[in-house]
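A.B. asks: Just dropping this structure here.
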Amino acid sequence: MKSPLLSLPGAVPAEGPDEGVAAHYGDPFREQRALAAGTGFVDLSHRGVVTVTGEDRLGWLHLLLTQHVSELPAGQATEALILSPHGHIEHALYLVDDGTTTWIHVEPGTQGGLLAYLESMKFFYRVETADATDRYAVVHLPAGSIAEVPGGTAVRETAHGRDLFLPREELEAFAAGASHGPPAGTLALEALRIEAHRPRFGLETDHRTIPHELGWLDSAVHLNKGCYRGQETVARVHNLGRPPRRLVFLHLDGSEVSLPGHGAPVRLAKDGPEGRQVGFVGSSARHFELGPIALAVVKRNVPVDEVLLADTVAAGQEVVVEP
């Protein structure tokens, strides 16, 4: 879905998973600084939006998600995962309930699969699910923003900022407002996400990722709730062992011109570019203060002080998930 905000001055279209919105509006570093200072906004209207209504909605979602949501207070944001029977991550959900509707946004293009799963699990519960992507656009306001939010808008507020579920017909008028500051692209938001060590589904995950590997036990998994699909794996790894891989933050060699792309192999620097692969790059970016950075997933037994090669770029690692 192509955003109308791509017509704003200086807009450069994003590629990959963020296709359909702007990567930047002419100056990614300026946009990063603005977001870090609490000004500006990011068009995330390419993300999928799913709504759940009905009086059983929270209790029903509680049975399906990794998060405890049966008594979720209105207006309180949370994250949750849907796992496979073997505990592998299938969906990452960012949600809030407004008292009558649970609002969920997900990675672009994944809402159809999520909705199909939710529909298959309705049974006799009094719930209704809907793909609201064509009617609502997600807009992100950074932490500290004092921007005015249109009345009646569902808002998901976290320590990292506010996500607005804005009617699509209001998107251009919102962008033209003066209270929030200039637009910033996804490159700026991604750089700040990587700096904050926050994984993203589809980038730091693959078909066998379990929540423990990415640190999602802290934000998206409740360890003392009732049964849900994949819980056995979550409990077993948490109580009896360690995950096979771990998320790391990489400080990349700033003398290199190019960044390692998503999926690029990670190796031990001492083994050279032909050495055995020990992981993969999830996301990379150029940060306005830290320089080139990345998130990667590596084997748990990789020494934490080992210099790595992200594709061909030397990288020092910073522990995110303990080995």
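The values are calculated or read from the model by the stated rules, or taken from the named source; none is laboratory data. None of the values given here were measured: they were computed from a predicted structure. Neighbour counts are summed over all protein chains in view; Cβ atoms, including those assigned to glycine, are modelled from backbone coordinates with ideal geometry. What goes into the accessible areas is simple: the full protein's heavy atoms, side chains included, and nothing from ligands, DNA or RNA. Shrake-Rupley method; radii C 1.70, N 1.55, O 1.52, S 1.80 Å.
A.B. asks: Return the inverse of the average 1/r over all pairs of distinct C-alpha atoms in the stretch 39-132, which is the Kirkwood hydrodynamic radius, in Å to one decimal.
C.D. replies: About 13.6 Å for the stretch 39-132.
A.B. asks: I'd like the Karplus ³J(HN,Hα) series for the stretch 86-97: coefficients 6.51, -1.76, 1.60, θ = phi - 60°, whole numbers in Hz, and an x wherever there's a Gly or Pro.
C.D. replies: 8, x, 7, 6, 10, 8, 10, 10, 10, 9, 8, 10
A.B. asks: Ignoring ligands, DNA and RNA, what accessible area per residue does the chain give at 1.4 Å, in Å²?
C.D. replies: Result: 44 Å² of accessible area for each residue.
A.B. asks: Mind listing the Cα extents of the stretch 189-323 along all three principal axes, in Å, largest one first?
C.D. replies: 50, 33, 24
A.B. asks: Evaluate the distance, in nm, between pseudo-label points positioned 7 Å from the Cα of Leu290 and of Asp134 along their respective Cα→Cβ axes.
C.D. replies: In this crude spin-label approximation the distance works out to 4.0 nm.
A.B. asks: Of Leu81, Leu63, Leu240, Leu115, which has the most accessible area with a 1.4 Å probe, and how do the rest follow in descending order?
C.D. replies: On the way: Leu81 0, Leu63 75, Leu240 145, Leu115 35 Å².
Ranked from most to least accessible, the order is Leu240, Leu63, Leu115, Leu81.
A.B. asks: Would you please give the residues with an amide H less than 5 Å from that of Glu128, counting only those at least 5 places away or on a separate chain, with H modeled from the backbone geometry?
C.D. replies: Thr53, Gly54
A.B. asks: In nm², what is the average projected area of the convex hull enclosing the Cα atoms of the stretch 1-48?
C.D. replies: Over every viewing direction, the Cα hull of the stretch 1-48 projects on average to 3.5 nm².
A.B. asks: Between the stretch 93-150 and the stretch 26-55, what's the alpha-carbon centroid distance in Å?
C.D. replies: 15 Å
A.B. asks: Calculate how large, on average over all directions, the projected area of the Cα convex hull of the chain is; give the answer in nm² to one decimal.
C.D. replies: Working: hull surface 65.1 nm².
One quarter of the hull surface, i.e. the mean projection, equals 16.3 nm².
A.B. asks: Next question. Which of the trypsin sites (Lys or Arg not before Pro) found in the stretch 222-323 are loop residues per DSSP with 10 or fewer other Cβ atoms within 10 Å of their Cβ? Walk me through the numbers on the way to the answer.
C.D. replies: Numbers: sites: Lys225, Arg229, Arg236, Arg245, Arg246, Arg267, Lys270, Arg276, Arg286, Lys299, Arg300; in loops: Lys225, Arg229, Arg276, Arg300.
Listed in order of number, the matching sites are Arg276.
A.B. asks: To continue, here is another question. Given the Cα-Cα distance of Asn224 and Ser179 and 0.36 nm per residue of separation, how much length would full extension add, in nm?
C.D. replies: Extra length from Asn224 to Ser179 when fully extended: 12.0 nm.
A.B. asks: Do any trypsin sites (Lys or Arg not before Pro) in the stretch 1-93 lie in a loop, going by DSSP, with at most 12 other beta-carbon atoms within 10 Å of their beta carbon, and if so which?
C.D. replies: Lys2
A.B. asks: I would also like to ask the following. On the full set of protein chains, 1.4 Å probe, figure out the accessible area of Phe123 and give it in Å² to the nearest 10.
C.D. replies: Here the accessible area works out near 150 Å².
A.B. asks: Based on DSSP H assignment, which helices of the chain show an axial Cα extent of at least 27 Å together with a mean Kyte-Doolittle hydropathy greater than or equal to -1.0? Write down the numbers at each step before the final one.
C.D. replies: Numbers: long enough: none.
TM-like helix candidates: nothing returned.
A.B. asks: Right, another one. Give me the distance between the Cα centres of the stretch 269-323 and the stretch 185-201, rounded to whole Å.
C.D. replies: Here the answer is 16 Å between Cα centres.
A.B. asks: What is the ratio of the Cα radius of gyration of the stretch 104-187 to 2.2 N^0.38 Å, with N the residue count, to two decimals?
C.D. replies: Working: Rg = 15.3 Å, N = 84, 2.2 N^0.38 = 11.8 Å.
Normalised Cα radius of gyration, the stretch 104-187: 1.29.
A.B. asks: If you don't mind, another one. Within the accessible area of the stretch 30-169, what % is carbon and sulfur when the probe is 1.4 Å and the other protein chains stay in place?
C.D. replies: 52 percent
A.B. asks: Two-decimal Rg/Rh of the stretch 152-256 from alpha-carbon positions, Kirkwood Rh?
C.D. replies: Rg/Rh: 1.07.
A.B. asks: Please go through the stretch 148-219 and write out the GluC sites (Glu not before Pro) that DSSP classes as loop and that have at most 16 other C-beta atoms within 10 Å.
C.D. replies: Glu148
A.B. asks: Among the lysines, which have Cα under 28 Å from the Cα of Lys2 when same-chain residues fewer than 8 positions away are ignored?
C.D. replies: Partners found: none.
A.B. asks: Hey, if we sort Phe280, Phe41 by accessible area with the 1.4 Å probe, largest down, what's the order?
C.D. replies: Order by accessible area, largest first: Phe280, Phe41.
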